[in-house]
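**Student:** Sharing a structure below in structure tokens format, with a few things to ask.
Read-outs throughout are calculated quantities, based only on the coordinates presented, and are distinct from any laboratory measurement. Quick caveat, the model's predicted, so the values are computed rather than measured. Cβ placement follows ideal geometry from the backbone for every residue including glycine, while neighbour counts extend to all protein chains displayed.
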Amino acid sequence: MRKKRRSTNINAYSIFSVVLILIFWQAVSFWKLVPDFMLPSPIQVGQAFVSDFHLLMFHAKVTLLEAVLGLTSGLLLGVLAAIIMDHFKRVREALYPVLVLTQTIPTVAIAPLLTIWFGFGVMPKVVLIIITIFFPVSVAMLNGFSSVDQDEVRLLQSMGANQLQIFWYIKVPASLGDFFSAMRIAVTYAVIGAVISEWLGGFEGLGVYMTRVRKSYDFDKMFAVILLISIISLLLVGLVNVMERISMPWKED
Amino acid sequence: MSKLEVKHISKSFEYKKILNNLNLYVEEHEIVSIVGPSGVGKSTLFNVIAGLLEPSQGNVFLDGESIINKPGHVSYMLQKDLLLPYKTIEQNVALPLMLKGEAKKKAIKKAEELLKEFGFEMVAKAYPNELSGGMRQRIALLRTYMFSANLILLDEPFSALDTFTKSEIQSWYLKVHKNLGLTTLFITHDIDEAIKLSNRVYILKGSQYDSLDNISIAKSAKNIDNFLLSDEFLDYKKKIIACLQK
């Protein structure tokens with residue numbers, strides 16, 4: 001009865017175009033159209049990735065920890081804010097413009113300030129990630145909560161349901177789709193946020209390592225870091241997709 | 001004592017009077033219809049009876065007790081089946097019990113039994129979007145029944161279905177109503193449907209009239225072969241149309 005969901009993420013065509021780009025890139029390097037030190041070839045990047053693997057993993061662990069901490073606190077705060085705004089109209093009217101305002105603050109401008117306020121440790125990174133993902137999460141959840149079918153709400157009321165039951169049986173499942181869409185955006189923001197924050201102050205993490213190799217013109221190593229950041233982001237998005245599929249079985253077809 | 005008594009109900013929204021001093025009653029095991037054009041306040045009346053809306057005046061008694069502003073005493077079903085899309089069929093049918101505080105396992109078990117009794121065990125684990133419109137409406141009726149068999153309010157439950165499915169589900173409902181010993185108050189704008197299903201038909205015309213016309217459909221009439229094509233059926237229909245045009 002159930003159809004398999006059509007995957008738009010990975011298919012033969014997309015793999016083909018990636019391979020094509022890599023071949024083109026390798027050719028450019030091979031015929032020295034661009035000098036090595038400016039643009040290392042994909043093979044050189046791969047070699048750097050392998051030789052630096054342990055170092056990369058060490059820094060990745062730090063970045064990942066920051067991203068996960070920021071992500072979970074940002075998600076929790078965003079969902080909580082959405083619940084409160086959904087329940088109290090006045091709070092929504094008071095908070096919504098502030099939320100929009102947080103989205104207009106340039107991340108790069110505020111990151112050094114956070115370092116001054118919270119030091120060089122994990123804290124400023126987590127705060128930066130929270131600031132970046134709070135808006136998309138809370139707005140998406142608010143949208144999900146307010147888009148529930150009012151007739152469904154009335155039906156449950158007629159069955160004598162209380163506010164908590166209406167929230168649990170209707171609002172939560174109805175907004176799960178919005179939650180996962182927001183989470184997909186949030187995970188990529190979280191990784192990038194952590195890296196940017198590390199650029200601007202820190203002792204370890206992929207951002208710190210990236211600054212270091214850039215300053216010594218080791219561009220093959222720098223591309224290896226970029227590759228790793230992309231892989232981490234993709235894996236996290238994949239994880240969100242799996243979680244979505246498990247928790248929303250009714251969306252199968 | 002009647003099962004349901006609606007006494008002197010009036011309801012105004014701002015300056016507009018929707019319901020004006022309405023009286024009606026439903027006896028136990030009856031199916032009573034309320035017919036009338038759109039916008040005369042049928043659904044408002046239902047919301048009052050369901051306890052979701054407070055009337056400006058009057059009272060509603062179920063088994064002699066006032067149920068004004070007390071939702072949760074009568075079962076209520078709308079034109080849309082409103083099966084929750086994120087729950088399986090058995091979870092949907094079990095929902096009223098879970099809302100009343102029954103443990104999930106027990107509620108699901110009762111839902112399974114009910115579904116089996118009606119031959120729907122095949123779809124118990126399916127989601128609503130995998131079912132046809134007629135099927136969903138039947139499941140919604142079972143859920144309504146699961147909530148309470150005391151009094152069932154149906155607000156145009158079949159009006160979105162095609163003619164064949166509609167006729168089939170009407171016959172099914174008559175059977176279910178009899179087998180389970182239900183009492184039903186039914187809103188429709190379909191006069192044929194009202195005559196086919198009900199014991200009595202109320203005609204609601206609007207707030208400028210302060211009484212409801214009430215037409216009884218004789219039990220013997222329903223036993224006539226091809227009742228829907230008979231002269232008796234047409235006579236009832238003429239009577240109702242005459243009332244509406246009065």
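**Student:** Points 7 angstrom from Cα along the Cβ direction at B:Asp231 and B:Phe13: gap in nanometres?
**Tutor:** 4.5
**Student:** Step by step: find N for the stretch B:99-246, compute 2.2 N^0.38 Å, then divide the Cα radius of gyration by it. What's the final number?
**Tutor:** For the stretch B:99-246, the normalised Cα radius of gyration is 1.21.
**Student:** A further question follows. Given Cα pairs under 8 Å that are at least 6 residues apart, what percent is the relative contact order of the stretch A:41-248?
**Tutor:** About 31 percent, as a whole number.
**Student:** Averaging the inverse of every distinct alpha carbon separation and then flipping it gives the Kirkwood radius. What is it for chain A, in angstrom units?
**Tutor:** After inverting the mean inverse Cα-Cα distance, the result is 20.9 Å.
**Student:** Whole Å is fine, so just give me how far the alpha carbon centre of the stretch B:104-129 lies from that of the stretch A:204-228.
**Tutor:** Spelled out, the Cα-based centre of one part sits 58 Å from the other.
**Student:** Around A:Met243, what is the net charge, scoring Lys/Arg as +1 and Asp/Glu as -1 over all other residues with Cβ under 13 Å from its Cβ?
**Tutor:** Taking every other residue near A:Met243 into account, the sum is +2.
**Student:** I want to verify a result. In a Gaussian network model of chain A, Cα cutoff 10 Å, which of these has the top mean-square fluctuation: A:Asp36, A:Asp151, A:Asp220?
**Tutor:** For chain A, modelled as a Gaussian network with Cα springs under 10 Å, the answer is A:Asp151.
**Student:** Using the reciprocal of the averaged 1/r over all distinct C-alpha pairs, how large is the Kirkwood radius of the protein assembly as shown in Å?
**Tutor:** Computed over the protein assembly as shown, the radius equals 27.6 Å.
**Student:** Given Cβ point charges of +1 (Lys, Arg) and -1 (Asp, Glu) and nothing else, what value in debye, to the nearest 20, does the dipole of the protein assembly as shown about its Cα centre take?
**Tutor:** So the magnitude is around 340 debye.
**Student:** Evaluate the distance, in nm, between pseudo-label points positioned 7 Å from the Cα of A:Glu93 and of A:Lys61 along their respective Cα→Cβ axes.
**Tutor:** In this crude label model, A:Glu93 to A:Lys61 measures out at 5.3 nm.
**Student:** What is the stretch B:85-147's relative contact order, in percent, from Cα pairs under 8 angstrom and six or more apart in sequence?
**Tutor:** 50
**Student:** Continuing with this model, one more query. Find out how many positive minus negative residues lie around B:Asn223, taking Lys and Arg as positive, Asp and Glu as negative, among other residues whose Cβ is under 14 Å from that of B:Asn223.
**Tutor:** +2
**Student:** Which of the helices in chain A meet the span-like rule: DSSP H, Cα axial reach of 20 Å or more, Kyte-Doolittle mean at least -0.5?
**Tutor:** A:12-30, A:53-87, A:89-104, A:123-146, A:172-199, A:219-247
**Student:** Give a quick list of chymotrypsin sites (Phe, Trp or Tyr not before Pro) in the stretch A:1-102 that DSSP marks as loop, anything other than H, G, I, E or B, with at most 15 other Cβ atoms within 10 Å.
**Tutor:** Passing sites in the stretch A:1-102 are A:Trp31, A:Phe37, A:Phe88.
**Student:** Take chain B, connect every pair of alpha-carbon atoms lying under 10 Å apart with a spring to form a Gaussian network, then pick out the residue of B:Leu204, B:Leu180, B:Leu142 with the largest mean-square fluctuation.
**Tutor:** B:Leu180
**Student:** If you split all Cα-Cα distances of the stretch B:1-142 into 10 Å bins from zero, what percentages do you get per bin, shortest first?
**Tutor:** It works out to 11, 32, 29, 23, 5, 0, in whole percents.
**Student:** In whole Å, what are the Cα extents of the stretch A:143-253 along the three principal axes, biggest one first?
**Tutor:** For the stretch A:143-253, the Cα extents along the three principal axes come out at 70, 31, 17 Å.
**Student:** Sticking with this one: With +1 on each Lys and Arg Cβ and -1 on each Asp and Glu Cβ, and nothing else charged, work out how big the dipole of the stretch B:85-147 is about its Cα centre, in Debye to the nearest 20.
**Tutor:** In total the dipole reaches around 220 debye.
**Student:** Measuring from a point 7 Å past the Cα of B:Ser66 along Cα-to-C-beta, which residues in the stretch B:148-184 have an amide N at less than 17 Å?
**Tutor:** Residues passing the 17 Å test: none.
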